[in-house]
Amino acid sequence: MADDKKLTKRSEDFSAWYNEVVLKAELADYSPVRGCMVIRPRGYGIWERMQHQLDTMFKETGHENAYFPLFIPESFMKKEAEHVEGFAPETAVVTHGGGKKLEEPLIVRPTSETIIYAMYAKWVQSYRDLPILINQWANVVRWEMRTRLFLRTLEFLWQEGHTAHATHEEAGEEARRMLGVYRDFMEGYMAMPVVTGVKTDAERFAGALQTYSCEAMMQDNKALQSGTSHDLGQNFAKAFDLRFQTEAGGIEFAWNTSWGVSTRLIGGLVMTHGDDNGLRVPPLLAPIEIVIVPIWRSEEDKGRVKAAAHLIKESLLSWERRIPGRLRVHVDDRDGIKPGAKYFEWELRGIPLRLEIGPRDLDQNQAILVRRDTGVKRAVSLSSVGEDAADLLHLIQETMLIDARERREHNSIRGGITYARFREVMEGDGGFVYAGWCGDAKCEAAIKEETKATIRVLPDEEFRSAEPPKTCLKCGSASIAEALWAKAY
RNA sequence: CGGGGCGUAGCGUAGCCCGGUAGCGCGCCUGCUUCGGGAGCAGGAGGUCGCUGGUUCAAAUCCAGUCGCCCCGACCA
């Protein structure tokens with residue numbers, strides 16, 4: 001049945017489409033544990049490439065990796081009032097170990113601020129010990145009510161950077177710097193454009209002074225918070241007695257930041273780039289960039305075409321490209337499956353470039369390159385296939401970002417929207433709406449109540465409208481900041 | 001936790017009202033023919049019908065209970 005093979009269309013049921021893509025492209029699968037998923041090799045391969053690139057960027061900005069325990073003493077969590085209040089409802093608690101009740105319950109980390117700053121307090125005596133710039137790659141647990149593959153699971157993988165500084169200014173710069181790193185990564189590698197800005201009180205991280213965020217627009221026009229960076233001020237330093245002696249001889253509390261991105265990014269990748277044929281992976285993150293499909297009729301052709309396919313792979317692997325690393329190539333020479341079936345399979349999995357080689361091509365010393373993003377086919381000479389493939393991959397990467405940005409702008413509304421119109425938009429197609437805000441949390445809450453839309457961020461300057469809004473979207477009094485409103489994941 | 005739905009082969013499902021040998025599609029295995037956009041034919045493997053109890057000569061089917069999952073609402077990367 002042909003219908004069994006087709007995905008639900010995005011326009012029919014976006015949520016069903018998303019689940020099918022994740023499962024059928026073999027990125028992840030449901031596990032026997034409620035709310036927890038298994039990340040399969042094709043999904044984990046993308047995560048590994050994300051990790052590698054981010055890790056490089058963290059190192060380039062002076063950070064080192066370390067590892068802190070999974071378990072956090074309950075008393076640690078309780079030391080920062082807002083923090084415990086924010087996370088208590090969603091923590092998993094270990095009460096027994098080795099068959100005995102523990103004297104003090106252990107929290108399975110939902111995030112590691114408390115244990116990390118407790119350790120920093122031990123390591124820091126003087127301003128000479130600062131800054132501390134540490135990142136850890138870890139799993140965390142948050143006991144969510146409703147889960148979605150990659151977007152919200154009880155356990156997920158992430159990185160959390162934790163830094164300590166001598167001045168607030170330096171910490172503030174760090175928080176902004178890492179937000180910039182996230183943005184560069186999301187746009188440069190994921191081809192996922194983001195709006196950056198600062199969160200309102202309602203959406204701020206529990207225990208932070210300021211939370212900065214990257215917000216991306218998914219194809220259903222909802223916002224995905226894809227990375228956050230926090231200026232923690234001295235809140236945790238005070239809770240954990242993280243003090244240092246200044247150059248002048250006084251004693252001060254250190255200033256902290258924390259910042260993180262998670263496997264949620266994979267969900268963002270799917271919902272940013274996927275189409276009705278399946279996943280589309282930007283080349284820079286694709287574990288396989290090029291799949292070679294040999295085509296044959298006779299036994300005789302089969303031999304020579306398969307041999308040619310492997311030779312082409314060797315040729316591609318030896319190509320010196322401008323970016324680090326070799327081309328990542330796979331030859332699909334499985335017997336008993338027709339080429340067409342292979343095309344559908346690799347398209348579903350989102351491989352950016354397909355190379356078809358058949359007897360007729362071989363006779364003409366050429367191959368066919370097919371782009372996953374546009375479907376456009378092109379014949380190339382076997383003598384220049386490496387260069388052509390590398391160029392196309394580069395072009396695909398660029399095109400995906402441009403297309404995603406165009407889609408976002410097309411679904412963004414700016415300038416003088418009435419609240420009635422706003423409600424229509426949020427009940428209809430949704431999107432990003434830039435509008436004024438009076439600064440009162442009551443207006444924000446009322447809008448959330450009535451439309452489900454929230455302020456995703458107060459956008460950074462480059463994202464703001466040329467003409468600043470004058471009045472609050474809700475109450476009509478003077479606007480103190482332009483806000484980006486949207487429904488969110 | 002409130003509302004709605006569903007548990008039958010790896011996946012999707014029919015059968016249930018009206019009890020009586022568990023069926024179909026996809027996938028899987030073998031063979032032959034195929035192979036430039038989801039192949040065809042032939043043969044084959046695969047099921048404690050979520051679980052427990054009850055009614056009955058007999059339960060996927062009727063009754064009671066229970067567990068799990070999915071969808072919609074309040075929290076969240």
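Observations
- Leading residue by the ranking (most open to solvent (accessible area, probe 1.4 Å)) among those in the range A:350-383 that are more than 10 Å from RNA strand B (Cβ to nearest atom) and in contact (Cβ under 8 Å) with a residue 40 or more places away in the chain: A:382
- Residue that is surrounded by the fewest Cβ atoms within 10 Å (Cβ to Cβ), among those in the range A:184-207 that are part of a loop (DSSP other than H, G, I, E, B) and out of contact with any strand residue (DSSP E or B) (no Cβ under 6 Å at 6 or more places or on another chain): A:206
- When residues of the range A:320-332 are limited to those that are of a type outside the set (Lys, Arg) and either modelled with pLDDT under 95 or crowded, with 16+ Cβ neighbours inside 10 Å (or both), the one nearest to RNA strand B (Cβ to nearest atom): A:332
- Residue match in the range A:273-280 (condition: under 30 Å from residue A:150 (Cβ atoms), more than 16 Å from RNA strand B (Cβ to nearest atom), open to solvent by less than 10 Å² (accessible area, probe 1.4 Å) and not aromatic (Phe, Trp, Tyr)): yes
- Of the strands (runs of 3 or more DSSP E) contained entirely in the range A:394-489, those carrying at least 2 residues that are surrounded by 13 or more Cβ atoms within 10 Å (Cβ to Cβ) and touching a Ser or Thr at 6+ places or on another chain (Cβ under 9 Å) fall at A:432-437, A:454-459, A:481-486.
- Verdict on residue A:262 being open to solvent by less than 10 Å² (accessible area, probe 1.4 Å) and either within 13 Å of RNA strand B (Cβ to nearest atom) or not β-branched (Val, Ile, Thr) (or both): no
- Leading residue by the ranking (nearest to RNA strand B (Cβ to nearest atom)) among those in the range A:152-170 that are open to solvent by 50 Å² or more (accessible area, probe 1.4 Å) and in contact (Cβ under 8 Å) with a residue 24 or more places away in the chain: A:152
Here's the yes/no breakdown for (1) at pLDDT below 95; (2) within 16 Å of RNA strand B (Cβ to nearest atom); (3) more than 27 Å from residue A:253 (Cα to Cα); (4) in the same structural domain as residue A:259 (by TED's automatic domain parsing):
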| site | (1), (2), (3), (4) |
| --- | --- |
| A:121 | no, no, no, yes |
| A:137 | no, yes, no, yes |
| A:150 | yes, yes, yes, yes |
| A:174 | no, no, no, yes |
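- For the range A:281-301, the set of residues classified as under 29 Å from the mean Cα position of the chain (by Cα) and either open to solvent by 10 Å² or more (accessible area, probe 1.4 Å) or more than 13 Å from RNA strand B (Cβ to nearest atom) (or both) consists of A:281, A:282, A:283, A:284, A:285, A:286, A:287, A:288, A:289, A:290, listed by residue number.
- Any hit, the range A:308-317, residues being crowded, with 16+ Cβ neighbours inside 10 Å, touching a residue at least 60 places away in the same chain (Cβ under 8 Å), more than 15 Å from RNA strand B (Cβ to nearest atom) and within 30 Å of residue A:112 (Cβ to Cβ): no
- Condition broken by residue A:305, with the remaining ones in (1) modelled with pLDDT of 95 or more; (2) out of contact with any Leu (no Cβ under 9 Å at 6 or more places or on another chain) satisfied: (2)
- Of all residues in the range A:234-259, exactly one satisfies the criterion of being within 13 Å of RNA strand B (Cβ to nearest atom) and either open to solvent by 10 Å² or more (accessible area, probe 1.4 Å) or of a type in the set (S, T, N, Q) (or both), namely A:258.
Listed here are the residues, each with its yes/no results for (1) of a type in the set (D, E, K, R); (2) in the same structural domain as residue A:153 (by TED's automatic domain parsing).
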| position | (1), (2) |
| --- | --- |
| A:192 | no, yes |
| A:204 | yes, yes |
| A:225 | no, yes |
| A:242 | no, yes |
| A:251 | no, yes |
| A:257 | no, yes |
| A:262 | no, yes |
| A:278 | no, no |
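- Scanning the range A:210-250 for residues that are among the basic types (Lys, Arg) and in contact (Cβ under 8 Å) with a residue 24 or more places away in the chain turns up A:222, A:243.
The values are calculated or read from the model by the stated rules, or taken from the named source; none is laboratory data. Model, not experiment: these values are computed from the prediction. Backbone-built Cβ (ideal geometry, glycine too); neighbour counts: all protein chains shown. Surface accessibility is based on the protein's heavy atoms, side chains included, excluding ligands, DNA and RNA. Shrake-Rupley method; radii C 1.70, N 1.55, O 1.52, S 1.80 Å.
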